[in-house]
Amino acid sequence: MTHSFFDGIAPVKFVGNEISDASGFRHYDPNELVMGKRLEDQLRFAVAYWHSFAWEGGDPFGGPTLERPWHPQDSMENAWIKADNAFDMFSILGQPYFCWHDVDLRPDQGNFKDNLATLDKITDYVGEKMESVGTKLLWGTANMFSHRRWMSGASTNPDPDMFAFAAATVKSCLDATHKLNGENYVLWGGREGYETLLNTDLGIELDHMGRFLNMVVEYKHKIGFKGSILVEPKPQEPSKHQYDYDAATCIGFLRKYGLENEVKLNLEQGHAILAGHSFEHEIAVATAENMLGSIDMNRNDYQSGWDTDQFPNNVPEVAMAYYHIIKAGGFTTGGTNFDAKLRRQSLDAQDLIDAHSGAMDICARGLKAAAAMIQDGGLENAITKRYAGWQTVEAISMLDSDLGAICDRVLTKDINPTPLSGRQEVLENYVNQFV
Ligand code: XLS
Ligand code: NI
Ligand code: NI
């Protein structure tokens, strides 16, 4: 390739935290040791092969604004050009991972057989690029929401042939992920839900989705894929209601279908907000159940009510997210995927680099603040103290007794507890020292 969209842009380097307009990382030094681990290995950054490389800048009121050498994305020719350019960007950013949907890699040719052949071809090519640039695959996934065939769902589709098409598609994407040594495989069910209950049998759809996911797990073991299978919660958009509503709903679903030891969660900041939660809440729910797999890092516009997929820029929020991740032991197979896109007025190649390098910096800063809080132990101590009463034999044995015996004890001992302060403001002030 002779000409690249990113020509003339130098690799982003750590420049230190001096206030200046020079470009470079202020907080992200991949080799800095944080809690005994290199920052790069703590954060495990991934670039999404969709937004930056697929989205053309259209919105419900206007057409494309972003002009890229790989547009329109309807030929294999342009798929090669896209791959060349994407890996040029990866070598500028130096992030260790990327993630893809099948349709980000190859054009849709309208039938399964041709799609399979082109996926095979392009993943051969991408495999070579990964080797030469040194980029690994955090996860692969199937896009089963854009094409009109998916409009009534994939595994939850009322038409069994659509279920079959979905099964074949996921098989091919799991094969491709395995071939490229992917460390996880993600399922996000944007059309696994409904537009109206008037035409929907919830019971059938959930059973089919449960069986489908079991088939995915069975197939993973059959081919010896060692990565994690992850589902990504989101409450709505594009469907009016999606079954994988939030972390708690997904965990209940996984238990119901016997998948709690096989499948973990890929949590996204913007989806947490859409579900009426904070990102921190979603992560805490998942880590409490040992089900955190990976994160899609972005941010939502708090006023818009839809998934705006902006790059993160709120250090305190990011810090609390990493606080729960590191407290639970940090990522194993998962990482920090930037499921985020530019605004449609940000036209330049440099905008793409600045968006990603800035987001990496925000995350590094948040993670370091989280690590400092963990090392200081202030929050942990406050929680230990708050629950200290439950360390006594009397309290522990109460859980094995019954209401009658407890009532007798309350009467004999004349138990009449005094409420204690939750000290929320003190703790908020404490956190403020780190962020
Ligand atoms: C959409 C989702 C999607 C998944 C992968 O809102 O975030 O991008 O991460 O299919
Ligand atoms: Ni996502
Ligand atoms: Ni999303």
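Please rank 52, 294, fewest neighbouring Cβ atoms within 10 Å first, as an exposure proxy. Please report the intermediate quantities before stating the final value.
Values: 52 21, 294 29.
Least crowded to most crowded, the residues run 52, 294.
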Exercise for the section: Pick out which of 345, 73, 269 has the largest mean-square fluctuation in a Gaussian network model of the chain, springs linking Cα atoms closer than 10 Å. Expected result: 345
Fill in the blank from the handout: Place a point 7 Å from the Cα of residue 332 in the direction of its beta carbon; the residues of the stretch 278-314 whose amide N falls under 11 Å from it are 290-293
Problem - Test item: Cα-centred dipole of the stretch 153-197, Lys/Arg +1 and Asp/Glu -1 on Cβ, debye - result: 140
Completion exercise
Quick note on 80, 390, 188, ordering by fewest other C-beta atoms within 10 Å, gives 390, 80, 188
Practice task
Could I get the Rg over Rh figure for the stretch 256-335? Both from C-alpha atoms, Rh via Kirkwood, rounded to two places.
Solution key: 0.98
Fill in the blank from the handout: Under the helix-only model (-39500 (n - 2.57) for each DSSP H run of 4 or more, divided by the residues of the chain), the mean residue ellipticity at 222 nm, to 500 deg cm²/dmol, is -14000 deg cm²/dmol
Fill in the blank from the handout: residue 346 neighbourhood, Cβ < 14 Å, K/R = +1, D/E = -1, net charge -3
Handout entry: the stretch 178-232 versus the stretch 16-32: alpha-carbon centroid distance in Å
Key = 40
Practice task
Convert each backbone phi in the stretch 187-201 into a coupling constant with the Karplus relation 6.51 cos²θ - 1.76 cosθ + 1.60 (shift: θ = phi - 60°), then list the ³J(HN,Hα) values in order as whole Hz, x for Gly and Pro.
Solution key: 10, 10, x, x, 10, 8, x, 9, 8, 8, 6, 4, 10, 10, 9
Practice task
Work through the residues other than residue 219 whose Cβ is under 11 Å from its Cβ and net out their charges, Lys, Arg +1 and Asp, Glu -1.
Solution key: +1
Fill in the blank from the handout: Note on the stretch 338-395: C-alpha Rg/Rh, Kirkwood Rh, two decimals, gives 1.39
Exercise for the section: Arrange 198, 254, 265, 66 by Cβ neighbour counts within 10 Å, fewest through most, would you? Expected result: 198, 66, 254, 265
Handout entry: Cα-Cα separations in the chain greater than 35 Å, expressed as whole percent
Key = 33
Exercise for the section: Would you work out the charge dipole size for the chain about its Cα centre, treating the Cβ of every Lys and Arg as +1 and the Cβ of every Asp and Glu as -1, and quote it to the nearest 20 debye? Expected result: 680
Exercise for the section: State the three equivalent ellipsoid semi-axes of the stretch 14-129, derived from the C-alpha gyration tensor as the square roots of 5 times its eigenvalues, in descending order and whole Å. Expected result: 32, 19, 12
Fill in the blank from the handout: At q = 0.16 1/Å the base-10 log of I(q)/I(0) from the Debye formula over the alpha-carbon atoms of the stretch 128-279 is -0.88
Practice task
Could you compute the FRET efficiency for residue 91 and residue 131, with r as their C-beta to C-beta distance and R0 at 22 Å, rounded to 0.05?
Solution key: 0.95
Exercise for the section: Pairs of Cα atoms under 8 Å, at least six residues apart: use those to get the relative contact order of the chain, whole percent. Expected result: 15
Practice task
With a point put 7 Å past each Cα toward its Cβ, work out how far residue 164 is from residue 147 in nm, to one decimal.
Solution key: 1.5
Handout entry: For the stretch 146-214: span of alpha carbons on each principal axis (Å, largest first)
Key = 43, 24, 19
Completion exercise
Which of 232, 425, 289 fluctuates most in a GNM of the chain (C-alpha springs under 10 Å)? That residue is 425
Fill in the blank from the handout: Expected max-MSF residue from 377, 153, 227 in the GNM of the chain (alpha carbon, under 10 Å) is 377
Practice task
Of the DSSP beta bridges with both residues in the chain, give the percent that are antiparallel, rounding to the nearest 5.
Solution key: 15
Problem - Rg to Rh quotient for the stretch 307-347, alpha carbon positions, Kirkwood Rh - result: 1.08
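Quick note: the coordinates plus some simple rules give every number you see, no bench work behind them. All values reported here derive from a predicted model rather than from experimental measurement. Glycine also receives a Cβ, built like all others from the backbone with ideal geometry; neighbour counts cover every protein chain displayed.
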